[in-house]
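Chemist: There's a structure below that I have some questions on.
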Amino acid sequence: MLDESLLDAPEALARADRRGLLRGAAEAGARVRTATRHATEAGIADLKPDGRPRAVLVAGSGTAADGVADLIGALAGASAPVIHLAPSGVAPAPGALRWTLPGWAGSLDLLLVLTVDGAEPGLALLAEQAYRRGCTVAAVAPPRSPLTEAVESSHGLVVPLAEAPYELYEDTPAASPGALWALFTPLLALLDRCGLVEAPPETLAKVADRLDRTAERCGPAIATYSNPAKTLAAELADSLPLIWTEGSGAAPVGRRFAAVLAELAGRPALAAELPGALPSHGALLLGGLAAGADPDDFFRDRVEEQQALRARVLLLRDSPAGGLTAAPAARAFALGHDTPVSELAPADSFEPIEPLATETAPGPEDGTGLESVAELLAVTDFAAVYLALATPGNPAGPGTPAA
């Protein structure tokens with residue numbers, strides 16, 4: 001059960017945050033600026049590609065790397081197929097996973113390798129395999145790591161990971177929310193040069209500014225009633241979040257939010273895109289997870305007996321294709337089955353919504369799609385951190401010894 005009193009106690013939150021998760025979420029804008037500088041120093045701005053790659057292959061393990069691969073696929077759209085490589089087994093080397101390129105991969109393709117530690121032997125072997133096939137290889141990895149050495153020896157491009165200063169001296173988990181931007185930003189700069197995404201330096205600067213502004217709105221000193229991340233954390237507490245996304249940018253954010261809720265807060269969540277989410281998750285609103293399936297028993301011992309887990313829908317929205325939205329139907333479906341609904345959209349992208357109105361969702365009035373995605377990522381990262389910190393018994397929460 002969420003300790004909501006902790007949400008409005010900044011000093012208590014700081015004491016509970018033994019892993020520096022709030023700091024990791026707040027530093028996202030700074031990570032973008034540092035990573036942009038590293039990309040420039042690595043020579044990305046001076047690259048003159050012969051043309052777009054036939055396909056972009058992305059390899060890397062962990063929540064941050066998976067989220068980056070998903071985001072790249074959404075942003076690239078039809079410019080080039082983006083294929084997220086997954087380990088295919090265990091390699092003979094101690095502690096190594098087996099990574100394999102598709103049989104067709106060759107000189108027309110681009111391999112992106114991303115890691116927050118650079119110690120995975122299988123990724124170094126993958127870079128060598130790509131070199132033998134003639135693939136162009138680029139990596140974001142810590143300096144002086146085995147992967148960095150492997151890519152450099154294969155004549156690939158390496159951008160040093162934008163590590164936070166405290167991470168050089170503390171045993172900080174790779175799940176730090178800022179890790180995503182340390183990996184994502186240099187690849188945005190590279191793919192901009194390749195003509196696959198629109199992410200020039202001025203756009204990355206605006207993304208950093210948007211992340212800073214969102215961190216101010218979501219920081220621990222801001223009260224729950226005016227803090228979108230704390231409000232979302234309180235609404236999702238003691239529920240099974242059904243994250244229904246709308247818009248190509250919101251879809252990977254929703255999937256990442258489900259993964260981060262599991263990794264940081266130890267909470268299950270399901271993500272699906274509208275309108276397909278309605279048939280996919282409809283049965284969950286008809287069964288035992290429905291809010292009205294088993295009303296809270298007045299005689300339940302609220303100390304000894306936990307409240308049953310109930311579904312709650314989160315409408316996570318970006319600008320939908322064509323400006324037409326499925327949100328009214330989704331909202332009506334959820335409310336019609338006694339399921340509460342939370343909503344999250346970029347601050348400058350949507351007008352206030354009447355509960356069951358027919359809508360045509362406007363596009364962003366100010367800013368780019370990448371900025372809107374950045375805001376959604378920041379709010380959901382903060383919400384996951386608050387759920388982790390304010391849940392007693394959670395590894396990141398109060399009442400648990402430091403790891």
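Chemist: Looking at the stretch 131-168, which of the residues that are more than 20 Å from Val116 (Cβ to Cβ) and modelled with pLDDT of 90 or more is surrounded by the most Cβ atoms within 10 Å (Cβ to Cβ)? First the steps, then the outcome.
Modeler: Pass one, the stretch 131-168, residues more than 20 Å from Val116 (Cβ to Cβ): 131-136, 153-155.
Retained after the next criterion (residues that are modelled with pLDDT of 90 or more): 131-136, 153, 155.
Working: Tyr131: 18, Arg132: 9, Arg133: 17, Gly134: 11, Cys135: 23, Thr136: 18, Ser153: 12, His155: 9.
Checking each candidate, the answer is Cys135.
Chemist: Determine, yes or no, whether Arg98 is over 20 Å from the mean Cα position of the chain (by Cα), modelled with pLDDT under 95 and farther than 27 Å from Val260 by Cα. Reasoning before the result, please.
Modeler: Details: over 20 Å from the mean Cα position of the chain (by Cα): yes; modelled with pLDDT under 95: yes; farther than 27 Å from Val260 by Cα: no.
So Arg98 fails the test.
Chemist: Cβ-Cβ below 9 Å, separation at least six or inter-chain, first residue in the stretch 259-270 and outside the structural domain of Ala308 (by TED's automatic domain parsing), second surrounded by 22 or more Cβ atoms within 10 Å (Cβ to Cβ) and outside any helix (DSSP H, G or I): which pairs?
Modeler: Close Cβ pairs satisfying both conditions: none exist.
Chemist: Here is a further query. Considering each of Thr40, Thr36 in turn, give the residue that is over 20 Å from Glu371 (Cβ atoms) and not charged (D, E, K, R). Show your work before the answer.
Modeler: Working: Thr36 fails: over 20 Å from Glu371 (Cβ atoms).
From the options Thr40, Thr36, the qualifying one is Thr40.
Chemist: Further, regarding this structure: If you go through the stretch 211-225 one residue at a time, how many are touching a Lys or Arg at 6+ places or on another chain (Cβ under 8 Å) and without any contact (Cβ under 8 Å) to a residue 12 or more places away in the chain?
Modeler: 1
Chemist: Quick test for you: out of Pro340, Pro355, Pro346, pick the one residue that is surrounded by fewer than 16 Cβ atoms within 10 Å (Cβ to Cβ), at pLDDT 50 or above and within 27 Å of Asp238 (Cα to Cα).
Modeler: Pro340
Chemist: Does Ala208 satisfy the condition of being modelled with pLDDT of 95 or more, part of a helix (DSSP H, G or I) and in contact with a Lys or Arg (Cβ under 8 Å, 6 or more places away or on another chain)? Talk me through it step by step, then tell me what you get.
Modeler: Values: modelled with pLDDT of 95 or more: yes; part of a helix (DSSP H, G or I): yes; in contact with a Lys or Arg (Cβ under 8 Å, 6 or more places away or on another chain): yes.
The answer is yes for Ala208.
Chemist: Would you mention how many residues in the stretch 214-239 are more than 14 Å from Ala265 (Cα to Cα) and either polar (S, T, N, Q) or not assigned by TED's automatic domain parsing to the domain that holds Ala345 (or both)?
Modeler: Total satisfying the criteria: 5.
Chemist: Of the residues in the stretch 95-110, how many are more than 11 Å from Pro53 (Cβ to Cβ) and among the hydroxyl-bearing types (Ser, Thr, Tyr)?
Modeler: Within the stretch 95-110, residues that are more than 11 Å from Pro53 (Cβ to Cβ) and among the hydroxyl-bearing types (Ser, Thr, Tyr) number 1.
Chemist: Looking at the stretch 230-268, which of its residues are among the β-branched types (Val, Ile, Thr) and under 19 Å from Leu278 (Cα atoms)? Show your work before the answer.
Modeler: Applying the first criterion (among the β-branched types (Val, Ile, Thr)) to the stretch 230-268 yields 231, 243, 245, 253, 260.
Within the stretch 230-268, Ile243, Thr245, Val253 qualify.
Chemist: Taking the criterion of being under 21 Å from Gly178 (Cα atoms), buried (at least 16 other Cβ atoms within 10 Å of the Cβ), out of contact with any Cys (no Cβ under 7 Å at 6 or more places or on another chain) and at pLDDT 90 or above, would at least one residue in the stretch 325-337 satisfy it? First the steps, then the outcome.
Modeler: So the first thing to find is which residues in the stretch 325-337 are under 21 Å from Gly178 (Cα atoms), and the list is none.
No, the conditions are met nowhere in the stretch 325-337.
Chemist: Which of the residues belonging to the stretch 131-156 are farther than 21 Å from Leu188 by Cβ and either part of a strand (DSSP E or B) or of a type in the set (Asp, Glu) (or both)? Before you say what the answer is, go through the steps one by one.
Modeler: Just the residues of the stretch 131-156 that are farther than 21 Å from Leu188 by Cβ, to begin with: 131-134, 144-146, 149-150, 152-155.
Those that are farther than 21 Å from Leu188 by Cβ and either part of a strand (DSSP E or B) or of a type in the set (Asp, Glu) (or both): Glu149, Glu152.
Chemist: Right, here's the next one. Keeping to the stretch 46-85, report how many residues are under 15 Å from Ala199 (Cβ atoms) and either among the hydroxyl-bearing types (Ser, Thr, Tyr) or in contact with an Asp or Glu (Cβ under 6 Å, 6 or more places away or on another chain) (or both).
Modeler: Qualifying residue count for the region: 1.
Chemist: From Leu286, Leu211, which residue is within 24 Å of Leu335 (Cβ to Cβ) and of a type in the set (A, V, I, L, M)? Reasoning before the result, please.
Modeler: On the way: Leu211 fails: within 24 Å of Leu335 (Cβ to Cβ).
On inspection, the qualifying residue turns out to be Leu286.
Chemist: Assess whether Glu128 counts as being among the charged types (D, E, K, R), more than 18 Å from Gly29 (Cα to Cα) and either part of a helix (DSSP H, G or I) or without any contact (Cβ under 8 Å) to a residue 12 or more places away in the chain (or both).
Modeler: Yes.
The values are calculated or read from the model by the stated rules, or taken from the named source; none is laboratory data. It should be emphasised that the depicted structure is a prediction, and the values quoted were computed from it without experimental measurement. Please note: Cβ atoms are built from the backbone with ideal geometry, for glycine as well, and neighbour counts cover all protein chains shown.
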